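The structure appears right after this line, and notes come after that.
Coordinate-derived values only; no laboratory data. Since the model is a prediction, treat every value here as computed from it, not as a measurement. Cβ atoms come from the backbone with ideal geometry, glycine included; neighbour counts cover every protein chain shown.
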Amino acid sequence: MIAYIIRRLLYAIPILVGVNLLTFTLFFVVNTPDDMARMQLGIKRVTPEAIEKWKAERGYDKPLIYNESAEGMGKITGTIFFEKSVKLFILDFGRADDGRDIGHEIRSRMGPSLAIALPVFLLGLFVTVSFALMLVFFRATYLDFWGVVACVAMMSISSLFYIIGGQYLVSKIWHLVPISGYAGGLDAARFLILPVLISVVAGIGSSTRWYRTIFLEEIGKDYVRTARAKGLSELAVLFRHVLKNAMIPILTGVVVVIPLLFMGSLLVESFFGIPGLGSYTIDAINAQDFAVVRSMVFIGSVLYIIGLLLTDLSYTLVDPRVRLQ
Amino acid sequence: MPTILWTDALVFLLVACAVATGRYVSRREYLLSSWRRVGESRSGMAALTVLAVFVLIGLLDSLHYRPRLEAVAGKTANGYSTEVRSALDALLRPLKAGTEKTYSAPLATHLYARETVEQPDGTQARVFPRLRHGGIHLKDPVADWTHDVATRILLGIAIAVLTWLTFAAIIVQAAALHWDVRRQTAWRRIWRGETRFAWNAVFVTLAMLMLFCGPAVALAGGYHVFGTDKVGQDVLYLTLKSIRTALVIGTITTLAMLPFAVVLGIVAGYIGGWVDDVIQYLYTTLNSIPGVLLIAAAVLMMQVVIDTHPEWFATAAQRADARLLALCFILGLTSWTGLCRLLRAETLKLRELEYVQAAQAFGASSVRIMGRHVLPNVMHIVLIAVVMDFSGLVLAEAVLSYIGIGVDPSTISFGTMINTARLELAREPVVWWSLVAAFVFMFVLVLAANLFSDAVRDAFDPRLAGRRVASPAHQGQAA
């Protein structure tokens, strides 16, 4: 088991190197730091001195991959590639364009992001799985048919409308909760309840349909017929047998997103003004702060790879037949 | 002067491909049978009717030209305007030209905000001024409005009924000739759903569409049917223009990613070895970057490229178009991995089958086996992926435009519409019509796409045998 984990972690290295090379190409080769400086300073009134100053302030005034003028190791380390890309591996993200330390921002913004994403994840999983089990319980009836119709209709609505409509109804018309904002501690619940509810509702359509399919696939199998033949009630069959056996496909889709919960949700956070990583990313995109976007890309792929590893490990917990070598 | 933008060219290439595929399929009974099953699905055909209307609007909007400059006094007209218009713009000229000062409610005759207006007697008053175009034909807007709107709606319904009857008559006549029965019998068969193709679903859907479109057309002649937005543009015009953007994003993206996914997937599965390793590494790496972030990074970089090279584009429309096309390719770059993995797995299975081994024994080259024996047998996966991706991409466009990494702000799309209108619900009094119009059109488009893709999948997926499966790929778009 431990050997397996270590091997998987070693496999992750080439992938992260690939991600790094890709972002390096995107951010520094497709566009040179000069282009970025020109963008940031405004296309028209730009002098070569201003560009040099902008680059020097942010540490972009070095050669891309090989530094001719430096001595010894400096030939490698005194480059943009080493300073900006390789250092991501030791989680040194450098500074954003406004001079703040990105690593510190990320640490302080993870909390609010998790405060939204974790309840959404747990509540959403609970609601959609139970809704799907209900549809399967009433399968081939009108309830099932209209349930599926409702799911298809719900997944045809853009998540933007869920947010805009929910904010309008709950906050503006009914005045139940504040429209947006955030506070620390227990006070946060007041601000979090609406975004959490909206995100859960927005996800019901597609997830329910997905789980319903998984359950329907299981319910046609022989062990279900055996369980019914033993005289078990339909509810017991569903919860004790079908749900347990459907765990593998469910885990495949679910566990991989757990680490990504740290990243928060772009839309919800920016609409509700929650100072998490999602709104941080959106702000960076709008301000064209490439250092932040680069860091988020790297963290995102690290978390995704961790998620894949966790998925494989979780199989061993729910299915004794799975052995990891 | 006709102007062909890059996306127009690709759109027409796509239409040509669709026509060619149609001809190819119609001559082969084994392929036709799957499509017949699609035709039997009532929800699928109802959705297809709606989609056909959307596609028609989108195609009209893809015929671009640059109008000849009108002769200025003393000069002969030579040269063309830098403004690129489409056939749809020409059809909707009254809507496009009829801009107001600012917000006006649907079918309104007056602006939505008070203005200080100088009265004939010299005093100033805060009143709702008359619109410049909406309801301008009414002498007394307060007294005549109800009558005029009612007449126009009735007229619209009459147009709708007539159009529908003409369509139905043509189909029934054709069916009667085809079956060699009387027209009543043909009609009864169609209406009771005794035909293999779900004609009755098409008829009902068309009737509902017509009942909406007819009055809208009749009213659009004199009013702003969906009101006007902040800068006074007609919202109906904006929604109709958004359709093309949505269709382009939904289709060109898949067109852009298909060659990668198909070639790499089949090659990885068939050849195996180090080629397989490299391709797997490639898509695992791309896959491990969260989609939105990869798109954000690529779009930001593309923006810099476009902004630093203004000399590449003759008109603003060309620049916006280049950005739309680039967005399609970027979305394609992030979405080919899923299909590639599916195709690789399927090819791994097919490689061991007898007919492939027979081809190898006959000495067929690898390229020939992959092209002639493997590719046709994975086409159903490709087709299902293409139709399933469409709705997700349309939804993604709206989200990306909201985040600021979508289409060019000057391109009219559902995303830019929602983005400009998102604060309107917070206004007092509420301005609801832009959002509602965008919502309704987008919902109908995506719903139709979802229903149609379900019908296609049910007909083509051999594993399903009539059971429905949702793809987890769509879940990624939610919130």
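Listed from fewest to most Cβ neighbours within 10 Å, the set B:137, B:224 follows the order B:137, B:224. Values of log10 I(q)/I(0) for region A:133-264 across q = 0.13, 0.18, 0.19 Å⁻¹ run -0.75, -1.06, -1.11, by the Debye formula with one identical scatterer at each alpha carbon and no solvent. The calculated P(r) of region B:342-432, using every Cα pair and 5 Å bins from 0, goes 3, 12, 14, 11, 9, 8, 7, 7, 8, 7, 6, 4, 2, 2, 1, 0 in percent.
Sequence-ordered 3J(HN,Hα) estimates for region B:242-251 from the Karplus curve with 6.51, -1.76 and 1.60 and θ = phi - 60° stand at 5, 4, 4, 4, 4, 5, 4, 4, x, 9 Hz, glycine and proline given as x. Calculate log10 I(q)/I(0) of the protein assembly as shown for q = 0.09 Å⁻¹, where I(q) comes from the Debye formula with a single equal point scatterer on each Cα and nothing for solvent. Taken in order of the listed q values, log10 I(q)/I(0) reads -1.04. Near residue A:93, the amide H atoms lying under 5 Å from its own belong to A:103; only residues 5 or more places off or on other chains count, and H is placed 1.01 Å from N. Hydrodynamic estimate: the Kirkwood radius of region B:84-182 over Cα pairs, inserted into Stokes-Einstein at 4 °C and 1.567 mPa s, corresponds to D of 73 µm²/s. Using only alpha-carbon positions in region A:44-101, the gyration tensor eigenvalues give semi-axes of 22, 17, 7 Å once each is multiplied by 5 and square-rooted (largest first). The share of alpha-carbon pairs in region B:284-342 lying farther apart than 12 Å comes to 69%. Evaluated at q = 0.11 Å⁻¹, the base-10 log of the normalised Debye intensity for region A:184-325, with identical point scatterers placed on the Cα atoms, takes the values -0.63.
When its C-alpha radius of gyration is set against 2.2 N^0.38 Å (N residues), chain B gives a value of 1.14. Consider all pairwise Cα distances in region A:50-163 and report the whole-number % of them above 18 Å. Everything past 18 Å amounts to 72 percent. Semi-axis lengths, largest first, of the ellipsoid equivalent to region B:298-393 are 40, 15, 11 Å, with √(5λ) applied to each eigenvalue of the Cα gyration tensor. What number comes out for the charge environment of residue A:115, summing +1 per Lys or Arg and -1 per Asp or Glu over other residues with Cβ under 14 Å away? Around residue A:115, the charge tally is 0. Taking a ≥ b ≥ c as the square roots of the eigenvalues of the Cα gyration tensor of region B:22-62, is the shape rounded (a/c under 1.5), prolate (a/b larger than b/c) or oblate? Here region B:22-62 falls in the oblate category.
Using R0 = 41 Å, the C-beta based FRET efficiency linking residue B:29 and residue B:165 works out to 0.70. Taking a quarter of the surface of the Cα convex hull of region A:1-77 gives a mean projected area of 7.5 nm². Per residue, the convex hull around the alpha carbon atoms of region A:185-239 comes to 113 Å³. In chain A, Cα pairs under 8 Å separated by at least six residues give a relative contact order of 22 percent. Under a 5 Å amide H cut-off, with hydrogens placed 1.01 Å from N, residue B:65 pairs with B:3, B:85, B:86 among residues at least 5 apart or on other chains. D for region B:1-125, whole µm²/s, Stokes-Einstein with Kirkwood Rh over alpha-carbon pairs at 37 °C and 0.692 mPa s: what number? In µm²/s, the coefficient is 164. Pairs from the list B:139/B:230; A:55/A:75; B:101/B:139; A:244/B:349; A:230/B:349 with a Cα-Cα gap above 31 Å: A:230/B:349.
Convex hull volume of the Cα atoms of chain A, normalised per residue: 187 Å³. Dividing the convex hull volume of the alpha carbon atoms of region B:243-355 by its residue count gives 128 Å³ per residue. In summary, region B:83-140 shows an alpha-carbon radius of gyration equal to 1.44 times the 2.2 N^0.38 Å reference for compact globular proteins. Couplings for region B:291-301, taken from phi via the Karplus curve 6.51 cos²θ - 1.76 cosθ + 1.60 with θ = phi - 60°, read x, 4, 5, 5, 4, 4, 4, 5, 5, 4, 5 Hz in order; Gly and Pro are left as x. The loop-placed trypsin sites (Lys or Arg not before Pro) in region A:185-246, going by DSSP, that have at most 10 neighbouring Cβ atoms within 10 Å of their Cβ come out as A:230. Around the amide H of residue B:408, modelled in the peptide plane, lie the amide H atoms of B:324, all under 5 Å away and 5 or more residues distant in sequence or on another chain.
When the square roots of the Cα gyration tensor eigenvalues are ordered a ≥ b ≥ c, the ratio a/c for region B:176-295 is 1.5 or more and a/b does not exceed b/c, which makes its shape oblate. Compactness of region A:121-210 is given as radius of gyration and Dmax, 15.2, 48 Å, from Cα positions.
Between residue B:136 and residue B:119, the simple spin-label model (points 7 angstrom out along Cα→Cβ) gives 2.7 nm. Here the Karplus relation 6.51 cos²θ - 1.76 cosθ + 1.60, evaluated at θ = phi - 60°, turns the backbone of region B:177-190 into coupling constants of 5, 5, 8, 6, 10, 6, 5, 4, 4, 4, 4, 5, 4, 5 Hz, with x for every Gly and Pro. As a proxy for reagent exposure, B:328, B:213 were ordered by neighbouring Cβ count within 10 angstrom, fewest first; the result is B:213, B:328.
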